[in-house]
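Read the structure below first, then the notes.
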Amino acid sequence: MQQPNFRKPASAFEELGFRKTFDLIMDEVGELYKADEVPWVVGYSGGKDSTATLQLVWMALARLSADELTKPVYVISTDTLVENPIVSSWVRRSLEKIDAAAGEQGLPISAHQLNPDPSNTFWVNLLGRGYPAPRPKFRWCTERLKINPSHEFISSVVQSHGEAILVLGTRKAESAARAKVMNHYEKKRVRDRLSPNGGLPNSFVYTPVEDWTNDDIWMFLMQVQNPWGYNNKDLLTMYQGASPDNECPLVVDTSTPSCGDSRFGCWVCTMVEKDKSMQAMIQNDEEKEWMLPLLELRNRFAPKDSDGKWDDRHLRDFRRMNGAVQLFHDRPIPGPYKQEVRENWLRELLDVQRIIRETGPDYVHDIELISLPELEEIRRIWVVDKHEIEDSLPRIYEEASGLPYPGRALDDNAAMGADEMQLLKELCGNDELHFQLTRELLATEKRYRSMLRRAGLFKAIEGAFQRNFFDDENDAVERARRKQNGREEAYARGQNHASGFTRIQEPLELIEGQADEAK
């Protein structure tokens, strides 16, 4: 079936003109708000589309009488904690303005900044657990950092009120894929303009600017004053600074590029080849050159081989997160980042934070690239989950920042000194697998020795040997290869069922279902 061509739509103001169209939308938003007692949740990123959407909602509510303002409007913004610092600062200040202005104007609007759970942030997963940097086939970041916090908030509203209406600034003109999704849910609309939310039961989606173009958005923002006291021209300037040519031209025809094509996101994002918006900000404004170390650090998360292809095998363990050795095209599928890689990247991150604080402009002198709760969770994962009982994080923090580590002391049973671990490594003859086995056995003994009931002790000891009994990586790969060949031969002979073949569970049995732990 031939796919329809995606054509750039004409202006939403073309038929009736700007003022008439604006008035009709104001009426629609107001009537929809008054139609029921279901609370609204407005998604706000600080970008042009969400700003225009919130501005429409705000101005429509301002037209209503106090008796008609019967239900709350929650403005939510999700900060992944690794957002572009310029944009993050902009949004944070805007949320403060929204709360203050809504109170002054007597509107039932409240702003809420959402963050990912401290145990599931970008740095906790990358530096703590060793997840490889996000990529198209393992995009673990979006759900954990953005979707889950907003879903939890919306779910709490649904639980309290029975339903929720999510107001978004999504537009069909953004892309053909976006238009296809919106058209799909448009067919299932209820109450005229509300589409079902495919991801959350008992919630609906309202998209008041769905038919607007980039240029419609900018026309509205430039002609209509921001009602919570922010200057939309400053927003335009921010987009302008993120455009490679440092220019937002007057759009006179379809061939003229629009400033609205600029995109902002996480400064650590490896889902794109280059962070063009941050590059443009640095290029166009000398005052923003302090962000250059961020750009350089981000690029180290996506190393390239001689052909320019992403290749980080040398940074990752040959075992999967669960200790299994799994082959693909006769090569081991790499697992989490190695300990030395995670430690080096943490040191570099703290170095960048210190350099920016010392040399950047005044407004970044207290910038926090990684928070103390994140550092504490990374430390716990390293020592408790990964058995890296030398407890290197406080030392790395103090060496990189020049400050004493502000975290709490660990349980005496959890950690050992770095000197002792260095001595152990020397006694193991620098045999890394032998060292890891001995260290994990020591960690297991320390954890269980003070317990009255030692349930799980033998399983923990067995697991330590299963993960580390190999001579080296080549030995592990050869064992995995023999196991794989044996299974294929057994399957070919039909012995699995015909001869009552029983598979013998060997060390490092592959555990299906845990593949996404470290792809």
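Can you run the Rg to Rh ratio on the stretch 63-143? Use alpha carbon positions and the Kirkwood inverse-distance Rh. Walk me through the intermediate numbers first.
On the way: Rg = 17.7 Å, Rh = 15.3 Å.
Rounded to two decimals, Rg/Rh equals 1.16.
Ordering S110, S45, N120 by Cα displacement along the dipole of the stretch 18-241 toward the positive end leaves N120 in first place; charges were set at the Cβ atoms of Lys, Arg (+1) and Asp, Glu (-1). Based on Cα atoms of the stretch 18-241, Rg over Rh with Rh as the Kirkwood radius reads 0.96. When the pairs K274/K304; K48/K172; K97/K274 are compared against a 22 Å limit on Cα-Cα distance, K97/K274 fall above it.
The charge dipole of the stretch 18-241, taken about its Cα centre with unit charges on the Cβ of Lys, Arg, Asp and Glu (plus for the first two, minus for the last two), comes to roughly 880 debye. Exposure proxy for I396, I378: other Cβ atoms within 10 Å of each Cβ, ordered fewest to most, give I396, I378. Pairwise Cα distances in the stretch 324-364 exceed 16 Å for 59 percent of all pairs.
Label-to-label distance for I355 and K274 is 2.0 nm, based on points extended 7 Å past Cα in the beta-carbon direction. Straight-distance candidates among the aspartates and glutamates for linking to K137, with alpha-carbon spacing under 19 Å and chain neighbours fewer than 8 residues away dropped: E273, D305, D311, D312, D317, E512, D516, E517.
I'd like to know which of V87, Y230, S203 lies farthest towards the positive end of the charge dipole of the stretch 18-241, counting +1 on Cβ of Lys and Arg and -1 on Cβ of Asp and Glu. Result: V87, furthest along the dipole toward the positive end.
Bear in mind that the values in this text are calculations on the coordinates, not laboratory data. Computed from a predicted structure; not experimentally measured. Note that we place each Cβ from the backbone using ideal geometry, even for glycine, and neighbour counts take in every protein chain shown.
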